């Protein structure tokens, strides 16, 4: 019976347009000031969305579409850019995320444990170290348009240890894209029980601060 229903469903879709558009809006946060420096290293913060909200939409010439807004929650990754042969590692000694006038969220020490090791990049003479922080931050797309990161940093260098603090102001940015999907192909995969594996991986680190 279930097999027959799937066949009838497939036949009904043959009578309709077979293309659906997926509209995705990515809500991100980017630095609004030059990269601050500690121990000869320039620091950059990256917000990685870990979820999405979706809904239905209609567009002329298609059956329907889906709109997806990647608005978090977010996991923060800190990148430090130094000079090859100078910086060895860095670690975070304190971390606070603030949305001016909205909230102030200090992170517990267990959220930034460990040291990040500087390694060569594709740019000659430049090294990079990246540290993924533990907690996820849930932000409001309309309320939290500006953020401020304040962090204590310790950098181990060839000549000793340098300590300092970071202030990284960020502003919300949005980018959009449209992907087209052919329903017949996806329906056929569903009938055959084929599904692509979902592998959640971190994006590649940036090459510059």
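Each reported figure results from applying straightforward, stated rules to the coordinates on display, with no laboratory input. All figures in this text were calculated on a predicted structure; none of them were measured in a lab. Positions of Cβ are generated from backbone atoms using ideal geometry, with glycine treated the same way; all protein chains shown enter the neighbour counts.
Per-peptide packing, taken as the mean over residues of other Cβ atoms within 10 Å, places 159-170, 85-96 in the sequence 85-96, 159-170 from highest down.
Ranking request for peptides 99-106, 115-122, 132-139, 151-158: highest mean number of other beta-carbon atoms within 10 Å first, then the rest in descending order.
Going by the mean number of other Cβ atoms within 10 Å, highest first, we get 151-158, 132-139, 115-122, 99-106.
The share of Cα pairs per 10 Å bin across region 76-171, counted from zero up to the longest distance, runs 15, 43, 29, 12, 1 percent.
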